[in-house]
Amino acid sequence: MSAAKTHILIIGGDGDLAIRKLYPALFSLETAGEFGQVERITGLSRSAKDRDVILNAVNTRLTDSGQFNADSWDTFTGKLNFLTGDATDPDDLRAFGDSINLENTELVVYFAIPPKVFEGVCLAMQAAGLVVPTTRVVVEKPLGTSCNSFEEIHKHMDGIFDESQVYRIDHYLGKESVQNLLTLRFANVIFSSIWNSDHIDSVQITVAETVGVEDRHEFYDEVGALRDMVQNHLLQILCLIALDPPANKNADTIRSEKLKVIQSLKPITLDEINAKTVRGQYASGTADGELAPGYQDEIGREKESRTETFVAIKAEIDNWRWAGVPFYLRTGKRLSSRCAEIVIQFKKPKHSIFAEQSVTLPGNSLHIRLQPDDGVQLRFLNKQPGLGELPLEELDLNLQEPDANRKHSFDAYARLLLEVLRGDQTLFVSSDEVVASWKWIDQIRANWEIASSKAHPYSAGTDGPSQAVVLIARDNREWSELSR
Ligand code: BG6
């Protein structure tokens, strides 16, 4: 870590992202003593809310989540200041630049703004002399809605910043269990030696939410679940499960192995589109014990929307390690429970010595839970103690118990912001990865369009449309139960 002091500039400093996520995350780093190098945080916005209004909102958020700590509050707020200004105006940025000494200060600039203003901000930063080799910029989704639109955004940044200066956040990469995937796989020979198509039957990645689209419907209706969740979060998880052993833990090495995985995803052709993908849209029902409106009512549009709020996909990776192993991806809103889980289903034993007892042996499975709490369980078979005739029982071995003390203090943003401060890009997505994942997604969308694919209705509070069950049942498999 460099000894230089760091100044964090948050553009969009009075917005929702800054108040709900960024200031609380930075506060938790202060509390954890990880913030020594940060001298100042500036929230820049066109019409800055009153300082007290912003601080009260952050304070409430921290108190509600049990993270407030009176001892750190004064130190933290002492580092915070708010500026009114236009980040696309070089003069406004120059005024900010004059207040810091870039020779002795590392500048981290968080773009908490829509991508359509990235170009203006990048140009203004350059004109104001804020782009020096130590400058880092942090951006996050939506990074385009297709490969072309991402490339449009990227081209504006690419001419001004080197790839090593751009930190593209996917907040799922900051989740404890997602970070643990590399350790689980590459620090334990019992897993690394069987992590391939010889031993693994299939993989499931589920991200289920109980919330609907609520006040984000304008954005959501334009994108749908495939682009909102699969293009980024689910594919990033898939990469960490599927990547080949990297030679070391360097960011470039890991990111290039992830890229190879995305580039090996088999395109889903027009002939296969209806068998390998299912789109769904929630209708009214009961969610969290209360009546929930259907998607169409929630977005309040006269014209019927065809946007999917649920998607299930059978993805395949065309390489040596994963040939013949399907990766079933599933995500949706207004489902029966909030749960994100990866299930690695191992193959059944080749030969059963228990056949006489008519016992069908299920394969072992590894369950890696991301939320609501994190944990790892190995499901295996054990002899039932006692004199009973059926000797086997399925048991869950907790390899990592949910631990309230360990997980409470850092949310994904805090972990990721710390990595930005450390200058480590391992947990950030490279532009090549974004391009490759958009290409795979774009093809699915194009084929949906040609096939006039329908979003099948499902009642709020259920596990999605029945067509998703059919998708996996065709392969004689079933979805893992959404944990309640
Ligand atoms: C965001 C999506 O990226 O992730 C949202 O835009 C979704 O639609 C959210 O609700 C889910 O994140 P988490 O961390 O709550 O699972």
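Only the coordinates and a few stated rules stand behind these numbers; no lab work does. What you see is a predicted model; the values in this text were computed from it and never measured. Methodologically, a virtual Cβ is constructed for each residue, glycine included, from the backbone with ideal geometry; neighbour enumeration extends over all protein chains shown.
In the distance distribution for the stretch 50-111, Cα-Cα pairs more than 14 Å apart total 70 percent.
Straight-line cross-link reach from LYS5 at under 25 Å between alpha-carbon atoms covers these lysines, not counting any fewer than eight positions away in the same chain: LYS21, LYS79.
Temperature 10 °C, viscosity 1.306 mPa s: under these conditions the Stokes-Einstein estimate for the stretch 1-158, based on its Kirkwood radius over C-alpha pairs, is 97 µm² per second.
Taken over the alpha carbons of the stretch 4-52 as equal point scatterers, the Debye sum produces base-10 log I(q)/I(0) values at 0.20 Å⁻¹ of -0.70.
Considering the stretch 131-172 at the alpha-carbon level, its Rg and Dmax are found to be 10.8, 30 Å. 3J(HN,Hα) along the stretch 202-215: 6, 10, 10, 10, 10, 10, 10, 10, 9, 6, x, 7, 6, 7 Hz, from the Karplus curve 6.51 cos²θ - 1.76 cosθ + 1.60 with θ = phi - 60°, whole Hz, x for Gly and Pro. If the segment from ASN476 to GLN384 were pulled out straight at 0.36 nm per residue, it would be longer than the present Cα-Cα gap by 30.4 nm.
Across the stretch 307-313, computed HN-Hα scalar couplings (Karplus, 6.51 cos²θ - 1.76 cosθ + 1.60, θ = phi - 60°) run 5, 8, 9, 9, 8, 10, 9 Hz from first to last residue, x flagging Gly and Pro. When the Cα atoms of the stretch 228-320 are aligned to their principal axes, the ranges along those axes come out at 53, 33, 23 Å in descending order.
Cross-link reach is defined here as a Cα-Cα straight distance under 13 Å, omitting same-chain residues fewer than 8 places apart; for LYS260 the aspartates and glutamates meeting it are ASP244, ASP252, ASP318, ASP432, GLU433.
Compute the acute angle (0 to 90°) between the alpha-carbon long axis of helix 176-186 and the principal axis of greatest extent of the alpha-carbon atoms of the chain; round to the nearest 10°. So the inclination is approximately 60 degrees. In a simple Cβ point-charge model (Lys, Arg +1; Asp, Glu -1; nothing else charged), the stretch 40-144 has a dipole of about 240 debye relative to its Cα centre. Computed over the chain, the P(r) tail beyond 28 angstrom holds 57 percent of alpha carbon pairs.
Ignoring lysines fewer than eight residues from LYS383 along the same chain, the ones with Cα atoms less than 26 angstrom from its Cα are LYS347, LYS348, LYS350.
Once fully extended, how much extra length lies between ASN248 and GLU393, figured as 0.36 nm per residue of separation less the alpha-carbon to alpha-carbon distance?
Details: separation 145, 0.36 × 145 = 52.20 nm, distance 3.99 nm.
The ASN248-GLU393 span can extend by a further 48.2 nm.
Residues whose amide H comes within less than 5 Å of that of LEU427, counting only those at least five positions distant or on another chain, are absent (H built at 1.01 Å from N in the peptide plane). Between THR60 and ALA127, the simple spin-label model (points 7 angstrom out along Cα→Cβ) gives 3.8 nm.
Sorted largest first, the principal axis extents computed over the alpha-carbon atoms of the stretch 145-240 equal 45, 38, 24 Å. What the Cα convex hull of the stretch 257-414 gives, in volume per residue, is 243 Å³. Scalar couplings 3J(HN,Hα) for the stretch 319-335, obtained by applying the Karplus form with A = 6.51, B = -1.76, C = 1.60 to θ = phi - 60°, are 8, 4, 5, 10, 3, x, 9, x, 10, 8, 10, 8, 8, x, 9, 6, 8 Hz; x denotes Gly and Pro.
Between the amide H of ALA315 and those of PHE327, TYR328, LEU329, distances stay under 5 Å, these residues lying 5 or more places away or on another chain, with hydrogens modeled in the peptide plane.
Amide hydrogen proximity for GLY43: with H placed 1.01 Å from N in the peptide plane, the residues at 5 or more positions away or on another chain lying under 5 Å are ILE10, ASN81, PHE82, LEU83.
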